[in-house]
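The next block holds one structure in the form of structure tokens; read it before the comments.
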Amino acid sequence: MEIASLMPAVAQVVRETGAFIRTERQRFQAAQVEYKAKNDLVSYVDRHAETLLQDAFAALIPGCGFINEETGIINPDSHYRWVIDPLDGTTNFIYNIPFYSISVGLMDGEEVVLGCVYEICHDELYTAVKGQGAFMNDQPIAVRQSPSLSESLIAFGSPHGWADHLVQLTAVIHHLMPNTRGMRRLGSAAIDLVYTAAGRFDAYFEANLNPWDVAGGSLIVQEAGGIVTDFHNGNNFVFGRAILAASPAIHPQLLAILQNPPAR
Ligand code: IPD
Ligand code: CA
Ligand code: CA
């Protein structure tokens, strides 16, 4: 299958679904929030957006599988599997903080071959096909050639189940805060990744994530010239629940800090 030929249709349905989310935000009420788990919020907007995406992608590749945030796994043995987060940054959406996105990846076996992340509030569509570069609204993007950690802006996440990682995360932040230009926590893993791809952040790291948070965005970072690994410098960042995406020059230093945070 010619993966690149799928992109116009993928981009169109992702933009249309983003328009739905934008419209719903205008009439959204606090009472429409539901809990999936403690501190893990969802609403009808996430669920309907996922249905729109899934229906369109199923028509694009008959018999394909899905790894969906809201409805789970469908056709797990299929060669092609879509990995969908219909609304990444749900808490931002609910609080009307304008940083939320749609994140889509397509896996060919175990490899992500297409990524599409739509930054809804700023109308930025980030796309990549394996081996063909990364784009934002059809313009090529590249990671920043960060000269050093001290001249870098670093994004991080503190996920819902962060208690297990709090000691490590606190130690890492304690070291990085005074030794970088600063740190940012936006609340959408997919946006953290594509902002790294576009050179707005020099790096992003987070633990305890799910495949739908990172599948699409990780390919976009790689195609923009960034290095993406798990916290062991391996490739298991889609399913491995930990990701470090960085400009090449600072990746080794950040990896060392994540593996062994300097003592206070
Ligand atoms: C969350 C966001 C957040 C990250 C959480 C994710 P959701 O996704 O990506 O930045 O810290 O771990 O679960 O729940 O808004 O789709
Ligand atoms: Ca998510
Ligand atoms: Ca979500």
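For the reader, a short list of remarks on this structure follows.
- Cβ-Cβ under 6 Å pairs, at least 6 apart or on other chains, segment 17-32 side free of Cβ contacts under 8 Å to residues at least 40 places away in the same chain, far side in a helix (DSSP H, G or I) and among the β-branched types (Val, Ile, Thr): GLU24/VAL45
So that you can scan it fast, the table gives a plain yes or no per residue for (1) buried (at least 20 other Cβ atoms within 10 Å of the Cβ); (2) more than 16 Å from ligand 3 (Cβ to nearest atom); (3) within 16 Å of the chain's Cα centre (by Cα):
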| residue | (1), (2), (3) |
| --- | --- |
| SER150 | no, yes, no |
| ARG185 | no, yes, yes |
| ILE191 | yes, no, yes |
| VAL194 | yes, no, yes |
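- When LEU53, LEU87, LEU106 are checked against the criterion of being among the aliphatic types (A, V, I, L, M) and closer than 23 Å to ALA224 by Cβ, a single residue qualifies: LEU106.
- For segment 128-142, a residue qualifies if it is assigned to a strand (DSSP E or B) and closer than 17 Å to ILE3 by Cβ, and the qualifying residues are ALA128, VAL129, ALA134, PHE135.
- Restricted to strands (runs of 3 or more DSSP E) entirely inside segment 170-231, those with at least 3 residues that are of a type in the set (A, V, I, L, M, F, W, C) are 203-207.
- Helices (runs of 4 or more DSSP H) enclosed by segment 1-120 - at least 3 residues per element that are hydrophobic (A, V, I, L, M, F, W, C): 7-27, 44-60
- Only a single criterion out of (1) under 29 Å from ASP46 (Cα atoms); (2) modelled with pLDDT under 95 is not satisfied by VAL117, namely (2).
- The residue pairs whose first member lies in segment 220-237 and is on the phi < 0 side of the Ramachandran plot, whose second member is among the small types (Gly, Ala, Ser) and assigned to a helix (DSSP H, G or I), and whose beta carbons are closer than 8 Å, counting only pairs six or more residues apart or on different chains, are ILE220/ALA197; VAL221/ALA197; GLU223/ALA197; ALA224/ALA197; GLY226/ALA197; VAL228/SER218; PHE237/SER218.
- Within segment 101-111, the only residue that satisfies the criterion of being surrounded by 24 or more Cβ atoms within 10 Å (Cβ to Cβ) and either away from ligand 2 (no atom under 16 Å from the Cβ) or at pLDDT below 95 (or both) is LEU106.
- Of everything in segment 88-120 that is touching a residue at least 60 places away in the same chain (Cβ under 8 Å), within 16 Å of GLN222 (Cα to Cα) and over 12 Å from the mean Cα position of the chain (by Cα), the residue that is farthest from ligand 1 (Cβ to nearest atom) is VAL113.
- Residue, surrounded by the fewest Cβ atoms within 10 Å (Cβ to Cβ), within segment 37-66, restricted to residues that are within 16 Å of ligand 3 (Cβ to nearest atom) and of a type in the set (A, V, I, L, M): ALA37
- Selected residue (only one of PHE237, PHE231, PHE201, PHE205 is aromatic (Phe, Trp, Tyr) and farther than 28 Å from ILE97 by Cα): PHE231
- Any hit, segment 59-80, residues being within 11 Å of ligand 1 (Cβ to nearest atom), in contact (Cβ under 8 Å) with a residue 24 or more places away in the chain, more than 20 Å from ASN236 (Cβ to Cβ) and among the hydrophobic types (A, V, I, L, M, F, W, C): no
The values are calculated or read from the model by the stated rules, or taken from the named source; none is laboratory data. In this text, all values refer to a predicted model and were calculated from it rather than measured experimentally. So basically every Cβ, Gly included, is an ideal-geometry build from the backbone, and we count neighbours across all protein chains shown.
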